[in-house]
Amino acid sequence: QVQLVESGGGLVQPGGSLRLSCTASGIIFSFYAMAWYRQAPGKQRELVASSVISGFTNYADSVKGRFTISRDNAKSTVYLEMNSLKPEDTAVYYCQAAGGAHDYWGQGTQVTVSS
């Protein structure tokens, strides 16, 4: 059974930082591209950052220079370091594992940026 479990969300003031973690089980983690998506109320889910097997990373324009995705294959974990957070970063953040015949999703973790 495949599971992706996110953690690290919460309430933070504008300008603050958070680090999200997503730990996978039931898959060969190093074979999968990993990504973070987010969905704000009333909006479509959007790609925030991705990390493919080769190590190449990609970011949405809105988070470039503020967010960093990284992965630890030995721990089957992908991270999203978020700095200089803005109110518009408020959303539920989801972890995705993409590869093979299936994509897998975590349950999501809420990030709220507010003073």
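If DNA, RNA and ligands are ignored and the probe is 1.4 Å, what is the ranking of Asp61, Asp72 by accessible area, most exposed first? Intermediate results must be reported in sequence, preceding the final value.
On the way: Asp61 125, Asp72 50 Å².
Greatest to least solvent exposure: Asp61, Asp72.
Peptides 74-80, 22-28, ordered by how many other C-beta atoms sit within 10 Å of their residues on average, highest first, read 74-80, 22-28.
Looking at the calculated P(r) for the chain, what percent of the C-alpha pair distances fall above 23 Å? Can you show the working numbers first?
Values: 1470 of 6555 pairs.
Everything past 23 Å amounts to 22 percent.
For the chain, the share of DSSP beta bridges that are antiparallel, to the nearest 5, is 95%. Spin-label pair Thr112-Asn83: with each label point 7 Å from Cα along the Cα-Cβ axis, the two points sit 2.6 nm from one another.
In Å², what does the accessible area per residue of the chain work out to with a 1.4 Å probe? Don't skip to the answer; put the middle values down first.
On the way: 6070 Å² over 115 residues.
Averaged over the residues of the chain, the accessible area is 53 Å².
Computed in the context of the full set of protein chains, the accessible area of the chain at 1.4 Å probe radius has 49% of its extent on carbon or sulfur.
The values are calculated or read from the model by the stated rules, or taken from the named source; none is laboratory data. Quantities reported herein were computed from a predicted structural model and do not represent experimental measurements. Neighbour counts run over all protein chains shown; Cβ positions are idealised from the backbone, glycine included. Calculation scope for accessible area: heavy atoms of the full protein, side chains included, ligands and nucleic acids excluded. Shrake-Rupley method; radii C 1.70, N 1.55, O 1.52, S 1.80 Å.
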